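A.B. asks: Take a look at the following structure, please.
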Amino acid sequence: MSRIFKGPGRKLRDQAAQGIVEYALILAFVVGVAAAIFANGGLADAIGEAFFNVSTTISNAIDGSNEAKQKRLQKTLDDALRQAIKNGRIEIAAGNWVEIDVQQEVNSDYGHKYATNGGSSGKPGVKIDGKDYTRFTGIWNATSLKEYEMNVGQEGGWIGVRIESLGNGSYISHYYTGQEQSSSGVGNSNYKNTTYMNQTYGKDGTEYNISWTTNK
């Protein structure tokens, strides 16, 4: 019967990997407890930011390319918008859409470098917390997104996620990546044209245009 012997190097690597996992689990537990205790105070955000920075460091160590950072942020935007729709804070009638973009150019309406540029189709049928959509802060405030989550150190350009309502609880998420410093560089009429945006800024119709329902 053959036996497999692990050299000292392999054993040390296994121990180090196990230590990292155990540390991450302990950190997650501490953050979860602390966040629950201080949910109504500023400390909760401070702890959340610290945990986010640790997670980001680990993710960048695995893949720190600009494309990987963009994909992770787009997933964050998509998840936050979906949750706001599912819990009723954002309501979109069929044929309408909402979008959040992260850009390099300072947004005068929002006021920081990694600005979130919330947009909608401009048609009646988009409501935020029961009220008709207003620029920027309405969509942002309806999500669970934090400002520190937007500070990903992009190397120029902008990215965005648009969620379009198909009616009857069905939606499609569109992922966009542009070279302009701001999504406002797209031009108002083209920006509102989802077909144009899909053709010009969508990377892949199957991977990045994702159909989903509020039942999932």
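Bear in mind these aren't lab numbers, they're just calculated from the coordinates by the rules spelled out. This one's a predicted model, so the numbers in the text were calculated from it and none came from an experiment. Positions of Cβ are backbone-derived with ideal geometry, glycine not excepted, and every protein chain shown enters the neighbour counts.
A.B. asks: If I stretch the segment between S189 and K131 completely, what's the gain in nm (0.36 nm per residue apart, minus their alpha carbon distance), one decimal?
C.D. replies: 18.4 nm
A.B. asks: When I128, I210, I100 are ordered from fewest to most other Cβ atoms inside 10 Å of their Cβ, what list results?
C.D. replies: I210, I128, I100
A.B. asks: Please rank W140, W97, fewest neighbouring Cβ atoms within 10 Å first, as an exposure proxy.
C.D. replies: In order of increasing Cβ crowding within 10 Å: W140, W97.
A.B. asks: Can you list the HN-Hα couplings for segment 162-172, worked out from phi with the Karplus curve (6.51, -1.76, 1.60; θ = phi - 60°), rounded to whole Hz and with x for Gly and Pro?
C.D. replies: Along segment 162-172, the couplings run 10, 10, 10, 8, 9, x, 6, x, 9, 9, 9 Hz.
A.B. asks: Taking the number of other C-beta atoms within 10 Å as the exposure measure, put V126, V161 in order starting with the fewest.
C.D. replies: V126, V161
A.B. asks: Another one. Mind listing the long-range amide H neighbours of N96? Cut-off is under 5 Å, sequence gap 5 or more, other chains count too, H placed in the peptide plane at 1.01 Å from N.
C.D. replies: For N96, the qualifying residues are S165.
A.B. asks: Right, here's the next one. Want the number for S144 to S170: 0.36 nm per residue separation, take away the alpha-carbon distance, what's left?
C.D. replies: So the chain would gain 7.2 nm between S144 and S170.
A.B. asks: Using modelled amide H (1.01 Å from N, peptide plane; none on Pro or chain starts), what sits under 5 Å from the amide H of E180, excluding residues fewer than 5 places away?
C.D. replies: Amide H neighbours of E180, under 5 Å, 5+ apart: W158.
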